[in-house]
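Following: one structure in structure tokens, then a few remarks.
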Amino acid sequence: MRRQVRHFGLAFLLLTLAAPALQAADIAPHRALYSLSLSSAKSGSGVLGASGAMYYEWGETCDGWTVEQRFRLRVNYAESGATELSSTLVTWEAKDGLRYRFNERRLRNGALDEELHGEAHLDGPGKGGTAEFTKPETATITLAPGVIFPSAHTILLIDHAKTADQFIARYVFDGSSVENATQITAVIGPTLEAASDPADKGVKSPLLKRPSWRVRLAFFPPDSSSETPDYELGMRLLDNGVSQSMDLDYGDYVIHATLDELEGLGKPSC
């Protein structure tokens, strides 16, 4: 059950190695509200239904990107009844892609389930580095050369999508567990012209009047040679960093995120 909160957080945050490439995409700071629901479930999954909401804010400072996410999900099981999951996540990531701070608090049925806090740095573009946790325990992890952080990964996806590069694989560290970077492979579809998504419930915003791509991400366990991902994320990603809709696929069931509200935020005067 813990993976719903951990993986949805990572999946949404993910949304190149050299500093100049990180500035190529024109990211639009924004806040968005999504409703969560059960899209489908296999007969043997035991999942009868799911509902919830997610608040997401991607802000910009002169030297970095800030993310605040609040998430809650109620999952109904045939045998064990309902389980309530929630989390609060706050991160900061340097625009040069070399520094990252994270703080997350997760609850299960109203009780504290896990708390994570720490920071990470890379020694230079394309170089390795270190991640240091202070919660849930004191720990230090060595990051290999080529590891990147979540905002850099999303910007990398957009940059590659613009060049019609359909396949990308990277190791991404986000601090969602006391583990090393996760391997994420991405398959990117052709460019879609600016248009409303049928699942958007009539959301009107100039931020949606942008080109976009269907992107499919597969998340593999850290330090694993498994050919089967832990889960997959499908989304419509706009060239300004907005995710218009998402489907989180755990194999036995799929959680859908529908965009309900979207608001632009101001850029800093630097």
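The values are calculated or read from the model by the stated rules, or taken from the named source; none is laboratory data. Here the structure is a predicted model, which is why all the values come from computation and not from measurement. Positions of Cβ are generated from backbone atoms using ideal geometry, with glycine treated the same way; all protein chains shown enter the neighbour counts.
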Pick out, from the stretch 110-199, the strands (runs of 3 or more DSSP E) lying fully within it that include 2 or more residues that are of a type in the set (Val, Ile, Thr).
129-135, 139-143, 167-172, 182-192
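Against the definition (surrounded by 15 or more Cβ atoms within 10 Å (Cβ to Cβ), aromatic (Phe, Trp, Tyr) and at pLDDT below 95), how does residue 102 come out, yes or no? Steps first, answer last, please.
Values: surrounded by 15 or more Cβ atoms within 10 Å (Cβ to Cβ): yes; aromatic (Phe, Trp, Tyr): yes; at pLDDT below 95: no.
Judged against the criteria, residue 102 is not a match.
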Quick check: anything in the stretch 129-145 under 23 Å from residue 64 (Cβ atoms) and out of contact with any strand residue (DSSP E or B) (no Cβ under 8 Å at 6 or more places or on another chain)?
yes
As an exercise: evaluate residue 202 against (1) surrounded by fewer than 12 Cβ atoms within 10 Å (Cβ to Cβ); (2) modelled with pLDDT of 95 or more and give the number of the one condition it does not meet.
(2)
Within the set of pairs 6+ apart or on separate chains, which have a first residue in the stretch 115-141 that is within 18 Å of residue 89 (Cα to Cα), a second that is among the hydroxyl-bearing types (Ser, Thr, Tyr) and not in a loop (DSSP other than H, G, I, E, B), and C-beta atoms under 6 Å apart?
117/134; 118/134; 120/100; 132/140
Residue set 165, 123; condition more than 20 Å from residue 221 (Cα to Cα) and more than 21 Å from the chain's Cα centre (by Cα); output residue 123
Filter result for residue 67 (at pLDDT below 95, part of a strand (DSSP E or B), closer than 30 Å to residue 252 by Cβ and touching a Ser or Thr at 6+ places or on another chain (Cβ under 6 Å)):
no
Checked against (1) exposed (fewer than 15 other Cβ atoms within 10 Å of the Cβ); (2) under 17 Å from the mean Cα position of the chain (by Cα); (3) not polar (S, T, N, Q), residue 59 satisfies every condition except (1)
Can we say residue 48 is surrounded by 16 or more Cβ atoms within 10 Å (Cβ to Cβ), assigned to a strand (DSSP E or B), modelled with pLDDT of 90 or more and on the phi < 0 side of the Ramachandran plot?
no
Checked pairs for the stretch 253-267, first over 28 Å from residue 48 (Cβ atoms), second acidic (Asp, Glu) and part of a loop (DSSP other than H, G, I, E, B), C-beta under 9 Å and 6 or more apart or across chains, list as 262/200
Test: residue in the stretch 174-197 that is modelled with pLDDT of 95 or more, among the small types (Gly, Ala, Ser) and within 15 Å of the chain's Cα centre (by Cα):
yes
Any chance residue 40 is modelled with pLDDT of 80 or more, loosely packed, with under 15 Cβ neighbours inside 10 Å and either farther than 12 Å from residue 69 by Cβ or among the aliphatic types (A, V, I, L, M) (or both)
yes
